[in-house]
1. Straight-line reach from Lys329: which aspartates and glutamates fall under 17 Å, measuring Cα to Cα and dropping same-chain residues less than 8 apart?
2. Report, in whole Å, the centroid distance computed from the Cα atoms of the range 239-306 and the range 313-387.
3. Would you grab the residues whose amide H sits under 5 Å from the one on Leu50? Only those 5+ places off in sequence or on another chain, please, with H modelled 1.01 Å from N.
4. Quick check for you: with a 1.4 Å probe and neighbouring chains kept, what is the accessible area per residue of the range 312-417, in Å²?
5. Relative contact order of the range 123-245, please, whole-number percent, based on alpha carbon pairs below 8 angstrom and at least 6 residues apart.
6. Roughly how many debye, to the nearest 20, is the charge dipole of the chain about its Cα centre, given +1 on each Lys and Arg Cβ, -1 on each Asp and Glu Cβ, and no other charges?
7. Karplus couplings for the range 333-344 from phi (6.51 cos²θ - 1.76 cosθ + 1.60, θ = phi - 60°), rounded to Hz, Gly and Pro as x?
8. Considering Cα pairs under 8 angstrom that are at least six residues apart, work out the relative contact order of the range 320-417 and quote it in whole percent.
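The values are calculated or read from the model by the stated rules, or taken from the named source; none is laboratory data. Since this is a predicted model, take the numbers as computed values, not measurements. Note that each Cβ is placed from the backbone with ideal geometry, even for glycine, and that neighbours are counted across all protein chains shown. Just so you know, the surface numbers come from the protein's heavy atoms only, side chains and all, with ligands and any DNA or RNA stripped out. Shrake-Rupley method; radii C 1.70, N 1.55, O 1.52, S 1.80 Å.
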Amino acid sequence: TQGTSRCGSSYSFQGFYVVQIVIDQYTASCATGLGLDALNRALADRVSGLRRNDFEGCDIASWIGRVADVEKYELPESLHHLDSRNNRLAWAGLQQDRFLESVETMVERVGARRVGVVLGTSTSSIGQTEMAYRQLDPDGDMKPEFRQPQVHNLHSPGIFVSRVTGVRGPSLTISTACSSSAKVFATAARWIRAGVVDAVIAGGVDSLCLSVLYGFNSLELVSEQPCRPFDVNRDGINIGEAAGFALLTRMDLAEEAALSLLGYGESCDAYHMSHPHPDGKGAVLAMQRALHHAGISAAQVDYVNLHGTASQANDQIEARAMAQVFDGKTLASSTKGWTGHCLGAAGIIEAIIAMESTRTGQVPGTLNCTNPDTDFEYDILLENHRGPVDIAMTNSFGFGGNNCSLLFAGAREGGGQ
């Protein structure tokens, strides 16, 4: 790897000693189902998880990425004071792919105070707050069952995951719109490398709620059809919900780590509250910084999971940004046709799809894109592809120009073995 000398659980990059960060375990739950098996089956079979909008109290003609039966995942009795749709979704997600067992093993090894939590969200538990205000008592006061200060709180996901897992290290919730749960990887890596903790539960949870559905509809960004990323007829997004988690640690503490966080890049172009910079400056900077941090060239990246929301501006500008960084040989696709746009949880779900591509060699095409826009400056993968993926990138670009790009590799490629 250019400019990099690697050995054991650390490596030297341009004269600096850097601790190698690996992913010990991860899990994803979204509209395709709970857990990695459901996600991988849907990707392989090209079966979307999107459905016509059937969210309670919402009459918008659209499609959504709803996780089935979230309501059935009741919280343990000791955590009823944290009850909300968002925390039920988190609870359902945490129970998949033996993730809680992996956290328990890590806590036994390093101690609860040496494991941190950093989560991304956009809505947090605002759905519970909506419900509380719809059911005020005759005096206009909140009913006792809704007096939940740790729920009506942007940090609610971080509080909940810390309580459920029993970890006692630092706990943080990041909310930078659609880049929220991508940026958690960068924060987690910094904590570990600074010696603040030995491991971090990084992830994101965002659930459907009326504020988001009607809010995006008022911006005229919601499509009445299943979203069509990068298609000439694309006309907007489908809102989704998801919960995803990854356990990051140093290589020497990993049980059977198969993946390495090779690099990350962050930027904020602040061009416009909801419109990306026309030349994709912030997106380009995030990708370039991730490559520089990893000490690799763009040519070494095999696959990029694009932000690809299916809005007119986002897709055109992201393709323009890709053309400034890559030479066209790197495979690139959007997977929002399966999941919808999961907002604050989009980063973690798409990071896991990128991670899985390095493990399985399955690269998903762009679902629902049948007529690619000829104005694009970068060719988008339409059909699924199989082949070795040594290094994968994922892009997450949020409102206000909050951008994050991540690079993942097999642990051997990342210097772990």
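1. Asp302, Glu318, Glu377, Asp379, Glu383, Asp390
2. If you average the Cα positions of each part, the centres end up 13 Å apart.
3. When sequence neighbours closer than 5 places are left aside, there are no close amide H contacts.
4. On the way: 3340 Å² over 106 residues.
Heavy-atom SASA per residue in the range 312-417 reads 32 Å².
5. Values: 122 pairs, mean separation 28.7, N = 123.
Taking the mean separation of contacting Cα pairs over the length of the range 123-245, I get 23 percent.
6. Details: 32 positive and 46 negative charges, 207 e Å.
So the magnitude is around 1000 debye.
7. Those phi angles translate into 7, 10, 10, 6, x, 8, 10, x, 8, 8, 6, x Hz.
8. Numbers: 121 pairs, mean separation 28.8, N = 98.
Normalised by residue count, the contact order of the range 320-417 is 29 percent.
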